[in-house]
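Note sheet for the following structure.
Read-outs throughout are calculated quantities, based only on the coordinates presented, and are distinct from any laboratory measurement. Keep in mind it's a predicted model, so treat the numbers as computed, not measured. Here the Cβ positions follow ideal geometry from the backbone for every residue, glycine too, while neighbour counts run over all protein chains shown.
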Amino acid sequence: MKRILTLLLCAALTLSLAVPALAVQSEQETAAAWLKENGILTGDQNGNLNLGSGLTRAELAVILTRLSDDTGDMGRNAAYYRTICPFTDVPEWAMPYAGYCAEKKLMAGYGNKQFGPSDPVTPAAACTVMLRYLDCPASQWSYATACDKAVELGLLPVEATTGPTITRGNIAVLIYRALNGMAGNSHTASQGIGDGYLTNGKPITEENVLELLRQIEKDWPTGTVWGTNKTPGTHKNEIPSTASGQIMRNYHVSNTYACGAYASMVSSLIFGDTANLGRRLDDLSQIRPGDILVYVRNSSGKVWHIVVALESPSDTNSFYITDGNAGETIQWPDRQSTYSNMDNLDSYRGENQIYRLEGWTRYPESVSYTGNSVEAWFANNS
């Protein structure tokens, strides 16, 4: 009997220890499958992802390039990135990726033109590059505290940040959580903030978004100096803006300074940091309050300006916006000036227009457009 009890206790202990490991592995598998499906993480010649193995800095450069190159720039300009690679110890196959990551300031070397392509990736290095990718303000972390910041943001479980190297499985979790708002922040979840909810805990509706926009106007009124990277000491976005920052990265625009930073901040203050991921609008007539609008030059594809919509377009296609970099100041519509900070869809349609308008929304697909926000900005807004 004693032997049977001992065996049962050992079995119970084994199961209790195994369950957390299986849970972590399950998240790794889910994350890795998603990254593989999206072409970010690939397996070896046999298709194995080798989630328990480490990876080299050269391999990390490849993953980061796939992650950030949404426009296919690398595929078109691989020769250029090979040419500008500043490191002398990188093998030829990895030079375009190292060059890309160096130019985009995602990875840096050790100095003396050394990259260390065969060196294993440490948890600190992995967290550092992901925080850079997310444009997490440098004032909030350093290389020494990168792991702590990643854990604080819910990007990695604390146990994944220990040890001399990080596994491919934990790299997958780090990227997956960052891109999918899977921060696992129980405090945030208990507040009702997450997919389908706003930062004040209310469900995502056009009316509730308008309420937050009006509060932001009070906190950041017209004339507040915002500034650019050429104007030190002025406001810049230090609000965590993971989801809205991803929208800016689609256009290679900063979410730290200037109009992209202001739009990112406003969006994060409404929809949260990592929840409610952005998606491209198919129908600009269904713009809603809080949507991010990007003005793109047709001749070059470069961004001219970025603003935030305050209402849906009217039957004449006009609507109000808020602008964070008009002469380096924030602007909101003025009741005394009918056309102050008003825009019109017709200005961006047609072959002869200089700019086109591209819209991004963070309203979940389950929240349908209602039309209730047409000419809504000044309605009940005293």
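Given the options 179, 286, 370, identify the residue whose Cα lies farthest towards the positive end of the charge dipole of the chain (+1 on Cβ of Lys, Arg; -1 on Cβ of Asp, Glu).
The residue sitting most towards the positive pole is 179.
Once a ≥ b ≥ c are taken as the square roots of the eigenvalues of the Cα gyration tensor of the range 206-361, is the result rounded (a/c under 1.5), prolate (a/b larger than b/c) or oblate (a/b not larger than b/c)?
Rounded, since a/c falls under 1.5.
Longest span of the chain, sites excluded, free of trypsin sites (Lys or Arg not before Pro) in DSSP loop with at most 15 other C-beta atoms within 10 Å?
No qualifying site falls inside 114-229, the longest such stretch.
Kindly provide the GluC sites (Glu not before Pro) of the range 327-382 that DSSP labels as loop, not H, G, I, E or B, and whose Cβ sees at most 16 other Cβ atoms within 10 Å.
328, 351, 365, 375
Which ³J(HN,Hα) values in Hz, rounded to whole numbers, follow from the phi angles of the range 309-315 under the Karplus curve 6.51 cos²θ - 1.76 cosθ + 1.60, where θ = phi - 60° and Gly and Pro get x?
6, 10, 6, 8, x, 7, 5
Among 97, 39, 117, whose Cα lies farthest out toward the positive end of the dipole of the chain, if unit charges sit on the beta carbon of Lys, Arg (+1) and Asp, Glu (-1)?
The one lying farthest along the dipole's positive direction is 117.
Does the range 53-186 come out rounded, prolate or oblate, given a ≥ b ≥ c as the square roots of the eigenvalues of its C-alpha gyration tensor, rounded meaning a/c under 1.5 and, failing that, prolate meaning a/b above b/c?
In terms of gyration-tensor shape, prolate.
Multiply the residue gap between residue 103 and residue 218 by 0.36 nm, knock off their C-alpha separation, and tell me the result in nm, one decimal place.
Result: 37.5 nm gained on full extension.
How far is it, in nm, from the label point at residue 34 to the one at residue 195 when both lie 7 Å from their Cα along the line to the Cβ?
0.8
Listed here are the pairs 104/218; 36/105; 105/202; 36/202; 36/149; 104/149; which of them are more than 28 Å apart at the Cα?
104/218; 105/202; 36/202
Please give the calculated 222 nm ellipticity per residue for the chain, where each DSSP H segment of at least 4 residues contributes -39500 (n - 2.57) and the sum is spread over every residue; nearest 500 deg cm²/dmol?
The per-residue figure over the chain is -11500 deg cm²/dmol.
Work out which chymotrypsin sites (Phe, Trp or Tyr not before Pro) in the chain are exposed loop sites (DSSP not H, G, I, E or B, at most 13 other Cβ within 10 Å) and give the longest gap free of them.
111-338
Nothing charged except the Cβ atoms of Lys and Arg (+1) and of Asp and Glu (-1): what's the magnitude of the dipole of the range 206-361 about its Cα centre? Round to the nearest 20 debye.
Its charge dipole is roughly 580 debye.
Taking 0.36 nm per intervening residue step and subtracting the Cα-Cα distance, what contour gain separates residue 144 from residue 302 on full extension?
Net length gain for the segment: 53.3 nm.
Once a ≥ b ≥ c are taken as the square roots of the eigenvalues of the Cα gyration tensor of the range 34-119, is the result rounded (a/c under 1.5), prolate (a/b larger than b/c) or oblate (a/b not larger than b/c)?
It comes out oblate by the Cα gyration axes.
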